[in-house]
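All remarks here apply to the structure that follows.
Read-outs: derived from the displayed coordinates by stated rules, not from any lab. Since this is a predicted model, take the numbers as computed values, not measurements. Quick reminder, even Gly has a Cβ in these numbers, built from the backbone with ideal geometry, and neighbours come from all protein chains shown.
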Amino acid sequence: MMHAVQTLTERLMGNVEKVIVGKSEVIRLTVIGMLCQGHLLIEDVPGTGKTMLAKSLARSIGGSFNRIQFTPDMLPSDVTGVSMFNQKTGEFEYRPGPVMANIVLTDEVNRATPKTQSALLEAMEERQVTVDGVTHKTPSPFMVLATQNPIEYEGTFPLPEAQLDRFMLRISLGYPSPAEEIRMIEAQQIAHPVDALEQAVPVQDLMAAQTAVRHVTATPEIKRYILEIVTATRRHEDVYVGASPRGSLALFRTAQARAAVLGRDYVVPDDIKALAVPALAHRLIVGSAARVRDVDTRAIVQEITRSLPVPGGEIGR
């Protein structure tokens, strides 16, 4: 079963890599998030390929794609859609908003007001939106990729902790190497590679893989290891608020998906260590003294995973 998941993800990643050059690990994390039916926060400077990553993923699964450019004057209805009165039928009809797509890119999510940001919460957690008291289900599969610029803070509204906690992973693309940037320039000399990108994975197969990864096993020692890492974030001297139980579940789910992507049906400690930073760091709130010292939550999680003993013994089945 996991061999089929591995084959599917290799096809999916290979297709996306035709557009996103030299970012195999980031693409793997994105696919892991999709297998877990989670949402991603992409934190990076402009021009590093965030939009192309989302568009390439949508084309690779043959799914619908919508992009929402968040601005301070946006209203929640600009995200969820509106009910409009049809004079012919004499009834109100729902006009879907851009959130009704398989892959939704919310660009510069921290530029919208908290009221508009909160419009995403129901869609991300419940996979539905409620307009005028009527509930509408989002398409399946459904994934939100939100972007924010970590450098520019003027005119932005920091994401509330409740919304940050709903992102399964936080990733960053970073700049390409000189050789990779030359490849990118050459690839786009005539036309953008995304325009010729074809579907690589049937949606039905992707949804079957999402179900299959839930059956990846983890020993009690692995589960305790996850809990030890999360508990350590809550007790760290520089942390005011540690990772929530949703963070524990995110680390467990993504570890299952990583194991399946690598062809295993069991989780090993390396899966946990590889995913601890992207799954937990954005959930931590540092104390005021640590904020003055500009302590990075990624460094805190890395310190914790280095200091905690790794479970030994038989990890597999």
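Under the rule of -39500 (n - 2.57) per DSSP H run of 4 or more residues, summed and divided by the residues of the chain, what mean residue ellipticity at 222 nm is obtained, to the nearest 500 deg cm²/dmol?
Value at 222 nm, helices only: -13000 deg cm²/dmol.
Which value, in debye to the nearest 20, describes the size of the charge dipole of the stretch 177-317 about its Cα centre when Lys and Arg Cβ atoms bear +1, Asp and Glu Cβ atoms bear -1, and nothing else is charged?
Its charge dipole is roughly 740 debye.
How long are the semi-axes of the equivalent ellipsoid of the stretch 54-208, defined as square roots of 5 times the Cα gyration tensor eigenvalues? Whole Å, largest first.
30, 22, 15
Write down the radius of gyration of the chain and its Dmax, each obtained from C-alpha positions, in Å.
20.2, 70
I'd like the projected area of the stretch 216-307, averaged over all directions, using the convex hull of its alpha carbons. Report it in nm² with one decimal.
5.4 nm²
Mind pulling up the Rg/Rh value for the stretch 67-133? Radius of gyration and Kirkwood radius, both on Cα.
Computed over Cα atoms, the ratio is 1.01.
Straight-line reach from K50: which lysines have Cα under 22 Å away, leaving out those fewer than 8 places along the same chain?
K18, K23
Taking only C-alpha pairs under 8 Å that are 6+ residues apart, what is the relative contact order of the chain in percent?
23 percent
Just rank D165, D270, fewest to most, by other beta-carbon atoms within 10 angstrom.
D270, D165
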